1. Measure up LYS175/LYS202; LYS118/LYS175; LYS174/LYS200; LYS143/LYS202 against 20 Å on the Cα-Cα distance and list the ones that go over.
2. Give the order of MET15, MET222 when sorted by the count of other beta carbons within 10 angstrom, beginning with the fewest.
3. May I ask for the net charge around TYR134, where only other residues with Cβ less than 11 Å from the Cβ of TYR134 are counted and Lys, Arg are +1 while Asp, Glu are -1?
Amino acid sequence: MENNKNFRTSIDKAMVIKKFVLITIVLCFIIFLLIFFITNVIFKKQLTQIKNISSVLVSRVSNIRIENVEPKAIDVNSDLVDVQFEDYFSMDSSDPKPSGIINYQKIKVTDYPIFGSKYGDISIPSVGIELPFYYGDSLQVLKNGCIGHNSGSYFPGEGASIIACGHNTARVLKKISNIKIGDTATIKTTYGEYEYKVFKIKIIEETQLEELPIQKNLEILMIYTCYPFDYIGHAKQRYVVYAYLEGVLEWKREK
């Protein structure tokens with residue numbers, strides 16, 4: 001009898017311990033769910049606020065005419081570096097010479113694209129690049145697997161600096177590493193087609209904004225991407241290709 005009593009006591013203790021462990025696990029799981037739910041609610045709320053702020057900013061940017069943006073951008077670049085742009089873009093005797101660039105009649109774009117929208121295509125046949133050309137170079141825009149046109153620079157045909165960029169992935173700009181001096185890049189926009197010839201290739205630091213100057217004397221296309229191309233993480237350098245306007249293949253003048 002005594003043995004049976006001890007046996008039952010042991011079973012009762014085991015059951016109590018088992019119930020305690022089970023209850024503890026259930027409570028921990030409930031606490032985890034509560035924490036997850038509260039965190040998710042807070043995250044969604046913050047994400048909604050960020051989206052709302054972004055929408056407001058994008059709508060404001062898209063409604064700003066480029067002539068209001070350009071002077072500010074030019075002033076910023078002027079503060080960064082005191083440089084004669086004709087000298088900066090001067091070419092060595094071995095470089096290909098621009099044809100007809102001095103007598104080129106600038107156009108005035110009257111129907112500016114909306115920020116974040118596609119308004120053309122860009123192709124560099126020598127390295128097999130053919131990508132959509134978007135207005136804007138934010139991370140959200142570049143997610144489209146495109147070349148993004150910096151909203152602080154000029155438009156093709158306006159006879160000034162055009163700054164564009166894209167990710168250094170295989171499907172976007174990784175092949176730009178094979179580009180050579182003299183290669184051509186063509187931008188087909190909703191209002192015209194423009195051909196540029198590469199005259200300079202340079203690797204710069206991400207902080208060297210003076211290497212991407214905004215000027216309005218010569219139509220220079222500057223395309224850049226992160227460098228090194230196989231770097232994992234945040235690359236600190238940029239691979240820049242400079243090209244001058246070779247000729248206007250087709251364009252519409254302002255009436």
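Bear in mind these aren't lab numbers, they're just calculated from the coordinates by the rules spelled out. Computed from a predicted structure; not experimentally measured. Ideal geometry is used to build each Cβ from the backbone, glycine not excepted, and the neighbour counts take in all protein chains shown.
1. LYS118/LYS175; LYS143/LYS202
2. MET15, MET222
3. After counting each charged neighbour, the total is 0.
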